[in-house]
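The values are calculated or read from the model by the stated rules, or taken from the named source; none is laboratory data. Computed from a predicted structure; not experimentally measured. Note that each Cβ is placed from the backbone with ideal geometry, even for glycine, and that neighbours are counted across all protein chains shown.
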Amino acid sequence: MTPRKDWSPGNGAGTGFNAQPLHFMATSFIKKALGTEATEPAVTPPPASAPSTSFVKKPKLGAKSRKREIPEGLWTKCKKCSTMVFDKELDENLKVCPQCNYHFQIGARERIHSLVETCTFEELDAHMTSVDVLNFTGAASYLSKLEKYQKATGLKDAVVTGIGRIDEHRVALGIMDFAFLGGSMGSVVGEKLTRLIERATEKELPLVIISTSGGARMYEGMFSLMQMAKTCGALAYHARAKLPFISVLTDPTMAGVMASFASVGDLILAEPGAMIGFAGPRVIKDTTQAELPPGFQTAEFLLDHGLIDAIVPRKEMKQRLGEYIDFLMFNRKSAV
Ligand SMILES: [Zn+2]
């Protein structure tokens, strides 16, 4: 009359003995419907020989389900001070840690939103996309990578270009996004920037390019490297027309981008703490066999050594750009 192994729905239905197991089955069903059952074992499953009673597991499942109630992506840990920052607060603060002023990377669209007057940005060449000229295949093909990053970022490539208004000035703006293949410069990034620079020259507009990049895009080989000369060539014509170019370096700006258009601004600004350089510190250390000075390749170090003109916190960027453009365009008027 009492063996547990005989507990099953319908077995001896209507007897007093089955009331308890039926109640238990109903409880299990309700819990499953509420999504509190784990889809994978919460702990190492007991050996097959151990009694399989759900009652033993229940407290552990409960603990697991409590964890799951905290939605993901609500908090971000600051890389510098380890404070947990509420994502909403971080967004409102332009992705700058309110505790230690660490500047997180920020997407191109968010940055445009933070810089130009509302509804004044007209994007250029928005649909230009890369082609796989080399039929590059590594761990994954170049085309599949492009597709993956286009889906993840909502961008067509690693730069957004267009014309917008900062204060009362119309400005040609190029803004890179590190989230798209490390902000690498391939043919599309180079071509979009070149067209932007040429448009700025033609329309007599000041130019601002905000860089963040790991360098040239290896998937396009030499075609990437050619973009360095092409962008700088277009900048030379822009400079000849006595138009100002402000280059803003953000974390990180390295290699082929730093070695071309990013380092030839009339005014070179950087965000606090940004890593800026050509080769990475490990490569330099191995090549020179010398100890690198503290703070090497940071914006602060480069300001001290004269490579950049000013460090501008993200929250002041719009106002400062407005002031600089005002000054430089006023001087141009008197020079022309
Ligand atoms: Zn912090």
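Scan region 198-206 and tell me whether some residue there is at pLDDT 95 or above, assigned to a helix (DSSP H, G or I) and under 14 Å from Met128 (Cα atoms).
No - not one qualifying residue is present in region 198-206.
Can you pull out every residue in region 116-169 that is basic (Lys, Arg) and without any contact (Cβ under 8 Å) to a residue 40 or more places away in the chain?
First, the residues of region 116-169 that are basic (Lys, Arg): 145, 148, 151, 156, 165.
Hits for region 116-169 are Lys148, Lys151, Lys156.
Criterion first (in a helix (DSSP H, G or I), under 18 Å from the mean Cα position of the chain (by Cα) and in the same structural domain as Ile209 (by TED's automatic domain parsing)) does Ser144 satisfy it? Steps first, answer last, please.
On the way: in a helix (DSSP H, G or I): yes; under 18 Å from the mean Cα position of the chain (by Cα): no; in the same structural domain as Ile209 (by TED's automatic domain parsing): yes.
No.
In region 190-210, is there at least one residue being closer than 21 Å to Met317 by Cα, crowded, with 24+ Cβ neighbours inside 10 Å and in contact with an Asp or Glu (Cβ under 7 Å, 6 or more places away or on another chain)?
No - not one qualifying residue is present in region 190-210.
Out of everything in region 94-117 that is more than 11 Å from the ligand (Cβ to nearest atom) and assigned to a loop (DSSP other than H, G, I, E, B), what residue ends up being surrounded by the fewest Cβ atoms within 10 Å (Cβ to Cβ)? Show your work before the answer.
From region 94-117, those more than 11 Å from the ligand (Cβ to nearest atom) are 94-95, 105-117; that's our starting set.
Next, from what is left, pick out any that are assigned to a loop (DSSP other than H, G, I, E, B): 94-95, 105-107, 116-117.
Working: Leu94: 18, Lys95: 20, Gln105: 15, Ile106: 24, Gly107: 18, Val116: 23, Glu117: 12.
Top of the filtered list is Glu117.
Take Val312 and decide whether it is buried (at least 17 other Cβ atoms within 10 Å of the Cβ) and in the same structural domain as Cys232 (by TED's automatic domain parsing). If you could, list the steps in order and put the result at the bottom.
Values: buried (at least 17 other Cβ atoms within 10 Å of the Cβ): yes; in the same structural domain as Cys232 (by TED's automatic domain parsing): yes.
Judged against the criteria, Val312 is a match.
This table checks each residue for (1) surrounded by fewer than 17 Cβ atoms within 10 Å (Cβ to Cβ); (2) outside any helix (DSSP H, G or I); (3) not polar (S, T, N, Q).
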site: Thr287; (1), (2), (3): yes, no, no
site: Pro293; (1), (2), (3): yes, yes, yes
site: Gln319; (1), (2), (3): yes, no, no
site: Asp326; (1), (2), (3): yes, no, yes
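Being surrounded by 19 or more Cβ atoms within 10 Å (Cβ to Cβ), under 19 Å from Asp304 (Cβ atoms) and hydroxyl-bearing (Ser, Thr, Tyr) is the filter here; which residues of region 251-284 pass it?
Within region 251-284, Thr253 is the sole residue that qualifies.
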